[in-house]
Ligand code: NAD
Ligand code: ZN
């Protein structure tokens, strides 16, 4: 399967399938990476032991010199300190202007390695090799970043890869909670733009959770295609790209208040998407949107209820920090129906407070 992200001169292909890691050397040639310049593969301590050797072997057999850097798995590695370590490896490895960085891992590796690629010598080649389901989202679209202790994703760039190579075989070793978390972003893409696909995800939830190759291949292709469509129309989030943030205002607040890692990203935005649907009902939309959203998320083993220990006040404060508040009003992505959302910029903070209280009572 292959999809094209249409961004004029910066257009690139997404390949999705089985056994793709074996052909990565050839894909780098196709992407135009010079064989005389070293490649840097960035991976983490969970992914590298499983897949790095294969990748290095394929690259070497295509005539590349390879330098690898393995970071500690986890969000804490998306830091300036680790960024500097990777840059050190790049300099010591002799990477030059014609070199490229390959991100072999989930969203953490992708965001960090992407920021290295965007900034090393003012930008060198970049390829995404996602190994999580969630990374179908993070590897497409060109947002790359590291965190600051005071704020997530505070330092970053828009930097598109030359190619996304999605080998479905790598997903077999993902822990079940990571599978469900990634599927939250998949169903999000259906909820914002593709009604049929959203219901399809509910119908095929068990196959998706079991990583059935046919179902998963289709779901990731649809998810990537919807994301590619949205960013093709608005690469730098001046307008429409914001619909991709469905569930993320509340979700980010849950992550921030709970401490990163209490809920996985996908779990937090699942609760956030349930919240957006409750908000929709409050604003006069059909209550059925909420019922259907919750049933889809529950089918995918995702949470839709906020544990009562979360303080509404702290969550509201976190949202204000998230720069989405202006004079007691905030911007929310609100479902109009399953598969259709609108950007509403004058949502009252008091309505959001009520939604948060409701989120503790309802759902599964
Ligand atoms: P992650 O990269 O931390 O991966 C999750 C866990 O799974 C890690 O422990 C990792 O080591 C492990 N893992 C990865 N692949 C594996 C495999 N094949 N087998 C076994 N274990 C594996 O997290 P993630 O959920 O992929 O991504 C989350 C990050 O993505 C966050 O930092 C978030 O900010 C970022 N993100 C970015 C964008 C964007 O547009 N750039 C969008 C969404 C999320
Ligand atoms: Zn997300």
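Rounded to the nearest 10 degrees, the inclination of helix 176-193 to the longest alpha-carbon principal axis of the chain is 70 degrees. Remark: relative contact order (the chain) = 15 percent; criterion is Cα-Cα distance under 8 angstrom and separation of 6 or more residues.
I need the calculated FRET efficiency for the pair residue 80 and residue 45, taking r as the beta carbon distance and R₀ as 25 Å, to the nearest 0.05. Display every interim value, and only then the final one.
Details: r = 20 Å, r/R0 = 0.78.
The pair residue 80/residue 45 has a calculated efficiency of 0.80.
The label-point distance for residue 203 and residue 15, in a model that sets each label 7 Å from Cα toward Cβ, rounds to 3.1 nm. Each part reduced to its alpha carbon centroid, region 268-308 and region 112-152 end up 29 Å apart.
Do the sum for the chain: with -39,500 (n - 2.57) for every DSSP H run of n ≥ 4, divided by all residues, what is the mean residue ellipticity at 222 nm, to the nearest 500 deg cm²/dmol?
Working: 14 runs with 168 residues, N = 364.
The helix-only estimate for the chain comes to -14500 deg cm²/dmol at 222 nm.
Each label was represented as a point 7 Å from its Cα along the Cα-to-Cβ direction; for residue 286 and residue 212 these points are 2.7 nm apart. Extension gain, residue 331-residue 353: 0.36 nm per intervening residue step, less the Cα-Cα distance, totals 6.5 nm. What do you get for the angle between helix 80-92 and the principal long axis of the chain? Use alpha-carbon atoms, 0 to 90 degrees, nearest ten. Orientation of helix 80-92: about 20 degrees from the principal axis. Which of rounded, prolate or oblate describes region 2-173 when judged by the alpha-carbon gyration tensor and an a/c cut-off of 1.5? It is rounded, given that a/c, with a ≥ b ≥ c, falls under 1.5.
Based on Cα contacts under 8 Å between residues 6+ apart, region 77-178 shows a relative contact order of 27 percent. With each label modelled as a point 7 angstrom along the Cα→C-beta vector, the residue 234-residue 151 pair spans 2.1 nm. Any chance you could check the Cα centroid distance between region 157-196 and region 1-61 for me, in angstrom? Computed from Cα coordinates, the inter-centre distance equals 17 Å.
Based on the Cβ-Cβ distance of residue 311 and residue 340, what FRET efficiency does E = 1/(1 + (r/R0)^6) give at R0 = 30 Å, to the nearest 0.05? Walk me through the numbers before you get to the answer.
On the way: r = 33 Å, r/R0 = 1.09.
It comes out at approximately 0.40.
The antiparallel fraction among DSSP beta bridges confined to the chain stands at about 45%.
Using C-alpha pairs under 8 Å with a sequence gap of at least 6, the mean separation divided by the residue count of region 1-77 gives a relative contact order of 31 percent. For a label point 7 Å from the Cα of residue 4 along Cα→C-beta, name the residues of region 124-144 whose backbone N is under 11 Å from it. It comes to no residues whatsoever.
Compared with the direct C-alpha span, the chain from residue 295 to residue 91 gains 68.4 nm at full extension, assuming 0.36 nm per residue. To the nearest 10 degrees, how steeply does helix 213-233 sit against the main Cα axis of the chain, on a 0 to 90 scale? Here the helix axis deviates by roughly 80 degrees. Which FRET efficiency value, to the nearest 0.05, do you get for residue 23 and residue 262 by plugging their Cβ-Cβ distance into 1/(1 + (r/R0)^6) with R0 = 45 Å? The formula returns an efficiency of 0.70 here. Taking each residue as 0.36 nm, the span from residue 121 to residue 57 lengthens on full extension beyond its C-alpha to C-alpha distance by 20.4 nm.
Coordinate-derived values only; no laboratory data. Since the structure is predicted, the reported quantities are computational estimates derived from the model, not experimental observations. Here Cβ is always computed from backbone atoms with ideal geometry, including for glycine, and neighbour counts include all displayed protein chains.
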